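One structure below.
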Amino acid sequence: MIFPVGSNTTLETIATFGAMFFLFTSGVKTDPGMIRQNGRKSIVVGFLAFLTPLVLAVSLALILTKFIPMDKSLADSLHLIAGSQALTGFIVIACHLTELKIVNTDLGRLAVSAAIVGDLLGISTTAIYFASQQSKADPMDAILGILTTLLLVAFIVYVIRPLTLYMIKGTPGGTTVKQVHVFALFLTVLVVGFFSETVGQHFVLGPLILGLALPDGPPLGSELVEKLDSLVSFLLFPTYLAILKDQEFALTVLSVLLLTTVISPLMRALYDPSKRFISSKKNNIQHAKRNAELRILVCIHKQENVPSILNILEISHPTIETPISVIILQIIELMGRYTPILVAHKPDHNYMCGNVRTQNIVNAFTQFEMQSQGITSIHPFTAIAHFATMHDDICNLAIDKRNNYNEVYSNNRRINNFVKAGNFDSALQLFEEMTTRDAVSFNLMITAHARYGYSQEGFHLYKNMVSIGIKEKETPFTFSSVLSICSDLGFYQEGSQVHCRAILLGFDLDLFVGSALVNLYMQCKVVNAALQLFDELPERNVATWNSILRGFCGLGCSDELLDFFLKMKWDGVEPNEVTLSYVIHGCSVGQFLNQGKQLHCHVFKLGWVESNMFVANALVDFYSSCGSLIDARNSFECILPEDVISWNSIIYVFANHGLSLEAIGLFGRMQSWGKKPSIRSFVGFLNFSSETRNVILGEQIHGFVLKVGFDQAGNHVRSALIDMYGKCRKIESSVALFEGNPERSIECCNSLMTSLLHCGIVEDVIELFGLMVDEGIGIDHVTFSTTLKALSLSASASLVSCEVIHCCAIRSGFESNVVVSCSLIDAYSRSGHIKLSSQIFEQILEPNLICFTSLITGYARCGMGKEGLEMLKLLIKKGLKPDQITFLSVLTGCSHSGLVEEGLSMFELMKTVYGILPDQRHYSCMVDLLGRAGLLKEAEDLLKLPELKGDSVLWSSLLLSCRIHRNKEVGNRAAEALMELQPNDPAAYVQASGFYSDIGDVETSMKIREMKMLMKLRKELGCSLIEISNHN
């Protein structure tokens, strides 16, 4: 009615422009990244939403054409009509979801992303269909049409999109895009629409793909939508609807009525997004946990709201135990896209560009956070959303951020504050309560475990971090902490695996990781690997050199330590107090008194004797280790009396050297200065009492400990007390101390196990091991070693029990520990399974003298003397020097195997080559060796040596050999000597009586029995156990 007759062409052109711009703006508002965010689910739903109605519609069309008579042209096009009606454009779905205010919900985002997938499939299917129709006339035209369509899409994606991104990059923050660029894009919409129609596709294809390719939101997307939205929505697109035919218009009106009256109410009834917020209504201060972090969500509409919010936060009085986490949301109206935007502002970002209001707001809250010293954490965000759906959008964002970023970041801050304040238990509790953790969370707790002495738990935490697959990979900080834990625990194999992972992530040559690796290999005594890694490091600081020096210091390699100290000086690295402490300690280990005095002069020149307590106390320990207690006392006198550590060190030194009177005098002098003794002082006195079996002094120290309250100060004093009473054979006091402690520690358990073992109560040791496992107290290498020793001595020892302890060691990660390995070798050999002992020995990477001696002892115990001799040769070949115990085991093996010549040769080798003087045990082996071989006269000659005079055990051994070989002459002298040395021992009379009975002298045998009866001597009965089918 408004336009003159014949103006349909003009109206159709304007309407076509309206349709193109409408689809273009809808594409600009849509974020294709939603497909990636929803993942496989959106692809599957989109594919089914496209394929299911298409198959049903086309199948129905085919059925109708087959069974219902109709015009041929209608029948030919019916399946095409049905297929096209089965496709629903994502623009329609997005607009409808926007009207329903659920486009930003989980369902809405899934629906839009699935609709985009369905549209892409629909466009592809339509293009292929039309190409196939054209191929009937000319196949080349069909191929050319497909290629040109693909060329159009590639041009939009790889040419136009990069140009727009470059355009946005050149736009200053907070400003709009140049208008010439906007109008150029409007012209591009018309061009791509014309090109789409030219290549045989619908004219809306090009504008739609162009809109999807352009970035949504500010500054470009919002500017395009702002320019076009009103014009397209109120003029151009209604014009497109106005030129529709009556039938098409009626169908459109019917669709709108159907959406408004049926589908919209049905959707609201089936899906209510506000139900998601019901569970969060209790997230308020009334329902908050006691001493929990208070989380506050603050929405700021304008800059004037900031001062009042800061005042509220200040009067809330947060503390370390009850901090406050504030989420700041600056609200800005959304334009140019369907989905809201949440911009997270980094706390360390310098806001010198962008929106000025945002800069001022964020800077104000960041300054407040810095002034609060970590007890208030600020998380600034800018929320850009539609005003109509802003409430739901903000609630969604708040819930998402509460469940993810804010909670993790805030909890990490709290963990860090707890660890710095020394509150490890609170940090661990918070970590365990976290539903979501990141790499920073694990890094903080791993380091905390290492700092507070829970190394094994820290390593298990790292394994858990790797196994669950944290999104963020480890950092050099992680590796240095974990490698430090492996060094403390002696986990060589586990540390090597961590090394491999560091290589995989490219951190092996990092300065901190490299220093930690050097320290690991040095502590695990893999010196060659440590030195090779040390040489490969591109950079070395004083910490790296200290790792090498510390390793040599621990290994007792004093010569190498001094050599590397000189290399360090030549390398231009200045030593610090830790370096000099290691070097001085190395001199004490090597007994290098002259070199140590030179270092003393050097540190005196540097002025570190009086100013640095580490170096001063190292000098005291050095002189005391070298036996120069006068110099140690003089070094102590140079230290300021205010230093408590030096007092405790000198008291510990004098007490450990047996100078109890001097130590007690220093102890009293220390108290006169008003200095409080430390745990180390008491431990030194208690160790002295343990070694000298001086229970009276130990009880006096115990009383003083109770007086000053150190019995509750830690486990060191309590474990030393348990050990002292156990060494002094007062096991009841040890048990009472242990049971009187409600918090049982691994140190106290180990001390009690050692005390029980020392007193021969081996069954209780095994029972205590089970208690430690059941109560989760923790187990270390000392625990396993003591338990295996007790198991070896126990009457109930069996293969099964040894294997149970072995499995526990493997599960706890101690199978590679040398001490545990030696104990396993001894336990298996005592149970008669020497092959298992040999297998464990072969698994030790660098066996030491104790490992060789344990296996040689096992061979001797099992009567495998030749194998023991072979192990001795291997021991010497590896450059180790056998000691008294080694030769004792070798001689025992020769005795049990009848290797007389070899035994005599080893006895002479021990004395002449290695300068080891034989003691009673060695002579006992030789007497047994000669006696078993029938060389009784030679054995008797050994017993006539002055140092063996009056040894009843050796005479008993000789008498047993005479009884076996029926040697009456030597046996008579042995029996007389034995009964003379042990006149009150019934076993001596029984053995002598048995000897005479075996050689046929019944009369003498009866006389000896009568003598025993007259003296009322009675031998105690014994018992033996054997293992049959793993049962005792």
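Coordinate-derived values only; no laboratory data. Computed from a predicted model, the values in this text were never measured in an experiment. Don't worry about glycine lacking a Cβ; one is built from the backbone with ideal geometry, like all the others, and counts go over all protein chains shown.
Sorting check: for 932-942, 57-67, 985-995, which peptide has the highest mean count of neighbouring beta carbons within 10 Å, and how do the rest follow? Before the final figure, lay out the partial values.
Working: 932-942: 17.6, 57-67: 13.7, 985-995: 19.8.
Put in order of decreasing packing, that is 985-995, 932-942, 57-67.
Rounded if a/c is under 1.5, else prolate if a/b beats b/c, else oblate: with a ≥ b ≥ c from the C-alpha gyration tensor eigenvalues square-rooted, which is the stretch 496-607? Because a/c hits 1.5 or more and a/b exceeds b/c, the stretch 496-607 counts as prolate. When a/c reaches 1.5 or more, the comparison of a/b and b/c decides; with that in mind, is the stretch 916-1002 rounded, prolate or oblate per its Cα gyration tensor? It is oblate, given that a/c is not under 1.5 and a/b is not larger than b/c. Along the stretch 890-901 the Karplus relation, 6.51 cos²θ - 1.76 cosθ + 1.60 evaluated at θ = phi - 60°, assigns HN-Hα couplings of 4, 5, 5, x, 5, 5, 6, 9, x, 8, 5, 4 Hz to successive residues, with x for each Gly and Pro.
Mind ranking 885-896, 485-496, 154-165 by how tightly packed they are, going by the mean number of other C-beta atoms within 10 angstrom, highest first?
Details: 885-896: 25.0, 485-496: 22.0, 154-165: 14.0.
Most protected by this proxy first, the peptides run 885-896, 485-496, 154-165.
Amide H contacts under 5 Å for Ile296: Ser325, Val326, Ile327, restricted to partners 5 or more places along the chain or on a different chain, H placed in the peptide plane at 1.01 Å from N.
What pairs from Lys569/Lys605; Lys178/Lys302; Lys569/Lys881; Lys911/Lys944; Lys463/Lys789 go past 22 Å between their alpha carbons? Among Lys569/Lys605; Lys178/Lys302; Lys569/Lys881; Lys911/Lys944; Lys463/Lys789, the Cα-Cα distance tops 22 Å for Lys178/Lys302; Lys569/Lys881; Lys463/Lys789. With a ≥ b ≥ c the root eigenvalues of the C-alpha gyration tensor of the stretch 545-623, is it rounded (a/c under 1.5), prolate (a/b larger than b/c) or oblate? Oblate, because a/c is 1.5 or more while a/b does not exceed b/c.
Which percent of the Cα-Cα distances in the stretch 762-845 go past 21 Å? Cα-Cα pairs in the stretch 762-845 separated by more than 21 Å: 19 percent.
Highest first, please rank the peptides 514-525, 757-768 by the mean number of other Cβ atoms sitting within 10 Å of their residues. Provide the component values of the computation, followed by the final result.
Numbers: 514-525: 25.9, 757-768: 17.8.
With the highest mean Cβ count within 10 Å placed first, the list reads 514-525, 757-768.
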